[in-house]
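S.K.: Take this structure first; my questions come after.
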Amino acid sequence: MSVLKMYVVYERPKDYPDRYVLRQWIIDEQPSPTGWFVLADTLEAVRAFVPPYCIRFERNPSDEPQIVESWI
């Protein structure tokens, strides 16, 4: 069974208040983060780690304020 992976870009989250973070999530019955993440100083630098086949989604108003965008 294949799973859907999602990548979420955060700007200055609580655990890395001076960085951008790209975190991988697995989407199935209950979305859950994996242990995979990347730290970068700029949005452009962190976006370089998003797989090229992904499609960008704007942040949803109900998302945490640190979320910049998501990629599926």
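S.K.: At 0.36 nm per residue, and after removing the present C-alpha to C-alpha distance, how many nm does the segment from Tyr16 to Val3 gain when stretched out fully?
M.R.: On the way: separation 13, 0.36 × 13 = 4.68 nm, distance 2.76 nm.
Computed gain between Tyr16 and Val3 is 1.9 nm.
S.K.: Please give the net charge around Ser32, taking every other residue with its beta carbon less than 15 angstrom from that of Ser32, where Lys and Arg add +1 and Asp and Glu add -1.
M.R.: Here the count lands on 0.
S.K.: Right, here's the next one. Please list the radius of gyration and Dmax for the chain, considering alpha-carbon atoms only, with Å as the unit.
M.R.: 11.8, 38
S.K.: Within 10 Å of each residue's Cβ, count the other Cβ atoms and sort Leu4, Leu39, Leu22 from fewest upward.
M.R.: With the sparsest Cβ surroundings first, the list reads Leu4, Leu39, Leu22.
S.K.: Tell me, what is the percent relative contact order of the stretch 1-60, built from C-alpha pairs under 8 Å that lie six or more residues apart?
M.R.: That works out to 27 percent.
Every number here is computed from the coordinates shown, using simple stated rules; none is lab data. Here the structure is a predicted model, which means the values were calculated and not measured. Note that we place each Cβ from the backbone using ideal geometry, even for glycine, and neighbour counts take in every protein chain shown.
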